[in-house]
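Colleague: Quick one: structure below, then a few questions.
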Amino acid sequence: MYKFVKEYEFRASPRLLYPYISTASGMQAWFCDQVVVDNINHRYNFIWDKTDHWAKLTIQKLNKHTKFDFVRHNDMQDDESSYIEFRLDHNDMTQSVYLKVIDNSAMEDHEELEELWDGLVQSLKEQVGG
């Protein structure tokens, strides 16, 4: 497993950004092709290129933090500790908000991950105008 961590600065409030890291519609706007929520089993299906990636929402702190642990679809067991975590931190001096992305996955190419996340976050910035 490889842990990728990077912070991105936004000129938008945590309250504006939070739905984009915590709701199906918000995440679908920038993060993946589609998000389907299974409310019965409390799972999220992130779909990229018609491929399912099931996750459990394991941390949710309003306007601050979310974490999705990826799981094998059939048994809901953690998928070798793969997860994506988003943290929002507000800097009072600059009035900036920083989105910290933590991607713990089997992908180990730092440059490829950085390029991927830079592109995704650019899409998010276009959505929120920040």
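Just so you know, all these numbers are worked out from the coordinates, no wet-lab data involved. Small disclaimer: the values here were computed from a predicted structure and weren't measured. Backbone-built Cβ (ideal geometry, glycine too); neighbour counts: all protein chains shown.
Colleague: Estimate the FRET efficiency between Asp118 and Leu62 by the formula 1/(1 + (r/R0)^6), using the beta-carbon distance for r and 25 Å for R0, to the nearest 0.05.
Modeller: Between Asp118 and Leu62 the formula returns 0.40.
Colleague: Let me ask something else. Report the Stokes-Einstein translational diffusion coefficient (µm² s⁻¹, integer) for segment 21-130, Rh taken as the Kirkwood radius over Cα pairs, at 25 °C with viscosity 0.890 mPa s.
Modeller: 165 µm²/s
Colleague: Write out the GluC sites (Glu not before Pro) in segment 85-130 meeting two conditions: DSSP loop, and at most 12 other Cβ atoms within 10 Å of their Cβ.
Modeller: Passing sites in segment 85-130 are Glu108.
Colleague: Between helix 110-128 and the chain, what is the angle of the helix's C-alpha long axis to the longest principal axis, kept within 0 to 90° and rounded to the nearest 10?
Modeller: 60 degrees
Colleague: Then there's this: Fully extended, how many nm does the chain gain between Glu9 and Gln28 (0.36 nm per residue separation, minus their Cα-Cα distance)?
Modeller: Full-extension gain reported as 4.8 nm.
Colleague: Right, next: Find how much the distance from Tyr98 to Asp49 grows on full extension, using 0.36 nm per residue of separation minus their present alpha carbon separation; answer in nm with one decimal.
Modeller: Full-extension gain reported as 14.8 nm.
Colleague: What full-extension length gain, to one decimal in nm, is calculated for Met1 and Asp109 as 0.36 nm per residue of separation minus the Cα-Cα distance?
Modeller: Between Met1 and Asp109, full extension yields an extra 37.8 nm.
Colleague: Could you please rank Ile84, Ile40, Ile21, placing first whichever residue has the fewest other Cβ atoms within 10 Å of its Cβ?
Modeller: Fewest to most other Cβ atoms nearby, the residues stand as Ile40, Ile84, Ile21.
Colleague: Further question on the same structure: Among the aspartates and glutamates, which fall within straight-line cross-link reach of Lys56, defined as a Cα-Cα distance under 20 Å, with same-chain neighbours fewer than 8 residues apart omitted?
Modeller: Asp33, Asp38, Asp69, Asp75, Asp78, Asp79, Glu80, Glu85, Asp103
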